[in-house]
1. Taking amide H atoms as placed 1.01 Å from N in the peptide plane, list the residues 5 or more away in sequence, or in a different chain, whose amide H sits under 5 Å from that of Gly165.
2. Along the charge dipole of the range 90-144, which of Val117, Leu107, Phe137 sits closest to the positive end, that is, farthest toward it, with unit charges on the beta carbon of Lys, Arg, Asp and Glu (+1, +1, -1, -1)?
3. Rounded to the nearest 0.05, what FRET efficiency do Leu39 and Glu170 have when you use their Cβ-Cβ distance and R0 = 30 Å?
4. Tell me, what HN-Hα J-couplings in whole Hz come from the Karplus equation 6.51 cos²θ - 1.76 cosθ + 1.60 at θ = phi - 60° for each residue of the range 101-114, using x for Gly and Pro?
5. When the distances between all Cα atoms of the range 37-170 are binned every 5 Å from zero, what whole-number percent does each bin get?
6. What FRET efficiency would be calculated for the residue pair Val160, Ala83, taking the C-beta separation as r and a Förster radius of 30 Å, to the nearest 0.05?
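What follows draws every value from the coordinates through simple rules; no lab data is involved. What you see is a predicted model, and the numbers here were worked out from it, not measured in a lab. A quick note on method: Cβ atoms are made from the backbone with ideal geometry, for glycine too, and the neighbour counts reach across all protein chains shown.
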Amino acid sequence: MPTSVTGHSIAEAYLPLKRGRGARRRQTGFTLVEMLVALLIAAVLAGTLMLAVPDQSRSLRYEADRLARLMAIAREEALLRGAPVRFEASAERYRFVVWLDRAWWPLADDPALRERVWLAPTRLALERADGQRVIEFGREQVDVPFRLRLLREGAQTVIVANGLGIFSVE
């Protein structure tokens, strides 16, 4: 191998030049692409978590929609059976009962009108034009209109019945 005046080989003489200017040094830290991928993964995880954690107002709206549909079914059941069907509720659960043999009996044989548990403790406030404190569907085609307010941890939703079998959620 040829030697230079300083006594080093020519290849060794050019080594500092290659390291300093032409060669890239290993840098510490993250590249922009790595940072964007990490942010994307964090955003997807945060979005999934937001959908997994139930929002009280959204879950109350869901239950109010379901209850409005069940009330329409209970009204039809009362007309078909020719017997009154009543809605009963507590803070933990609700159910529909039918008047048979001079007593109120749960509709346990009906999968739609069976007893259900609220997703969270729920208070109810009933407003009727006739002042009664119960929701009862009878044999008549026209019922008394009412507003049923569902309250849960600061959220509220109202089920409105027009008396003709149409139930809407506000």
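1. Here Asp143 satisfy the definition.
2. Comparing the listed Cα positions along the dipole, Val117 ranks first.
3. Computed FRET efficiency for Leu39 and Glu170: 0.15.
4. 6, 6, 7, 8, 10, x, 8, 6, 7, 9, x, 6, 9, 5
5. 2, 10, 18, 20, 17, 11, 6, 5, 4, 3, 2, 1, 1, 0
6. 0.75
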